[in-house]
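Participant: I have a structure here, written as structure tokens, and I will follow up with some questions on it.
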């Protein structure tokens, strides 16, 4: 829409949104889980130490006590031979979950940007509604003054005065609702920016933004590459398949090598010369576990099915949202064109009704009817123009798109460090 004000608001939201900071925290959690999942691919080494002092009392001529001090230092290492790929499968699944979490972050980014644009457009529309209501109120008051003047001259009945007063109060009663709606939208927008509700957002634009031509839509298959939620669903499907492989490998024997060394006070100097004193290989094969491992395989397979259906639903939903936005915008253009034609005809009808009323050819009811029709159409046109822009925002949201990798990253001053 080419508005510097909207660009500024979106930039503030991308840096201050609580939603995006939460998404970054979830991404960091999945990264840590991925590192943990891959830790078993490397040997594990631990250092042990102990100290012991013993005292004994002797019954001799030189009665006293004697004691011994014992110190020991050791190292224990272990390593699992990933014969069946269980550890590697778990690591691959965790890495895919990291990518899915990153795609979730981009989905949240698209959502936050679209919500900011929606609130901004709605605020402008409400302000335009208030300006229009104030203008209509002034016009209705002018009509009321003319009718009261004619009433004082006994040219019209009191009914005409009361009818016009009703029109005046009807417009006046709508202004507080518009003001309240505007304030609520400002609160929503401030929260999206990560700011307190009554913050000054510096909104100065007073006209509806002008939307340009439709963006390049491409083929429905292009959504697989541009929609982050589609990518996330695909990655979670692949991760579930790796989890099946890990569950199947867990039913097979595992082989773990362990090595240990321990040195006392007398041979502590040999620690770095001769460290391997014992080496053992432990083979563990499940025989009976109550069906736990078999059911884990079935569970992960069911999870694959769940993620497969979720992926298909996400793809079709993405296509549907694009088609909905395109259809809505096309029909909305036609609807607005029709309303403009109706408004033009209603204004001519109002002029004709006023002329007949002034000439005494009709009572005030036709004038009031046409006046209310014109004012309703003016307010409705603002609502429909707002909806047209919201359809375009929805189209951009449905198309997804690329976003910088550091979008929404919390600053280091928040007390957390984030690693790529």
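Participant: Which log10 I(q)/I(0) values does the range 78-154 give at q = 0.17, 0.23 Å⁻¹ under the Debye formula, counting every alpha carbon as one identical point scatterer?
Facilitator: Here log10 of I(q) over I(0) equals -0.85, -1.01.
Participant: Right, something else. Pop the C-beta distance of residue 380 and residue 292 into the FRET formula with R0 = 60 Å and round what comes out to the nearest 0.05. Show your work: numbers first, answer last.
Facilitator: Details: r = 64 Å, r/R0 = 1.07.
Once rounded, the FRET efficiency stands at 0.40.
Participant: Using the eigenvalues of the Cα gyration tensor, what equivalent ellipsoid semi-axes result for the range 64-197 when each is taken as the square root of five times the eigenvalue, whole Å, largest first?
Facilitator: On the way: eigenvalues 1262, 100, 20 Å².
For the range 64-197, the ellipsoid semi-axes come out as 79, 22, 10 Å.
Participant: Right, another one. Divide, for the range 133-180, the radius of gyration over alpha carbons by 2.2 N^0.38 Å, where N is the residue count. Provide the component values of the computation, followed by the final result.
Facilitator: Details: Rg = 12.2 Å, N = 48, 2.2 N^0.38 = 9.6 Å.
Normalised by 2.2 N^0.38 Å, the Cα Rg of the range 133-180 equals 1.27.
Participant: Quick check: residue separation of residue 134 and residue 25 times 0.36 nm, minus the Cα distance between them. What number comes out in nm? Don't jump to the answer; show the numbers that get you there.
Facilitator: Working: separation 109, 0.36 × 109 = 39.24 nm, distance 4.76 nm.
Stretched out fully, the residue 134 to residue 25 stretch lengthens by 34.5 nm.
Participant: So what does the Cα-only Debye profile of the range 107-152 read at q = 0.17, 0.20 Å⁻¹, as log10 I(q)/I(0), no solvent term?
Facilitator: -0.62, -0.71
Participant: Also, quick follow-up: So, how do all the Cα-to-Cα distances of the range 286-375 break down into 5 Å bins, in percent, from 0 on up?
Facilitator: With a bin width of 5 Å, the distribution comes to 3, 11, 10, 8, 7, 6, 6, 6, 6, 5, 5, 5, 4, 4, 4, 3, 3, 2, 1, 1, 0.
Participant: Spin-label point model (7 Å from Cα, Cβ direction): what's the residue 299 to residue 369 distance in nm?
Facilitator: Placing both labels 7 Å beyond Cα along the Cβ direction yields 7.2 nm.
Participant: Given a Förster radius of 51 Å and the C-beta distance between residue 396 and residue 39 as r, what FRET efficiency does 1/(1 + (r/R0)^6) yield to the nearest 0.05? Intermediate results must be reported in sequence, preceding the final value.
Facilitator: On the way: r = 42 Å, r/R0 = 0.82.
Rounded to the nearest 0.05, the efficiency is 0.75.
Participant: What is the distance, in nm, between label points placed 7 Å from the Cα along the Cα-to-Cβ direction at residue 226 and at residue 158?
Facilitator: So the label points at residue 226 and residue 158 sit 6.7 nm apart.
Participant: Taking R0 as 35 Å, what FRET efficiency do you get between residue 200 and residue 334 from their Cβ-Cβ distance, rounded to the nearest 0.05? Show your work: numbers first, answer last.
Facilitator: Details: r = 39 Å, r/R0 = 1.12.
Between residue 200 and residue 334 the formula returns 0.35.
Participant: Compute the length gained on full extension between residue 53 and residue 81: take 0.36 nm times their separation in residues and subtract their Cα-Cα distance, giving the result in nm to one decimal. Before the final figure, lay out each step's value.
Facilitator: Working: separation 28, 0.36 × 28 = 10.08 nm, distance 4.01 nm.
The residue 53-residue 81 span can extend by a further 6.1 nm.
Participant: While we're on this one: How many nm is it between the label spots at residue 319 and residue 213, if each spot is 7 Å from the Cα in line with the beta carbon?
Facilitator: Placing both labels 7 Å along Cα→Cβ, they lie 2.7 nm apart.
FYI, it's all coordinate maths here, none of it is from the lab. On a predicted model such as this, the values are computed, not experimentally measured, just so you know. For neighbour counting, all protein chains shown are included, and Cβ atoms are generated from backbone atoms with ideal geometry for every residue, glycine included.
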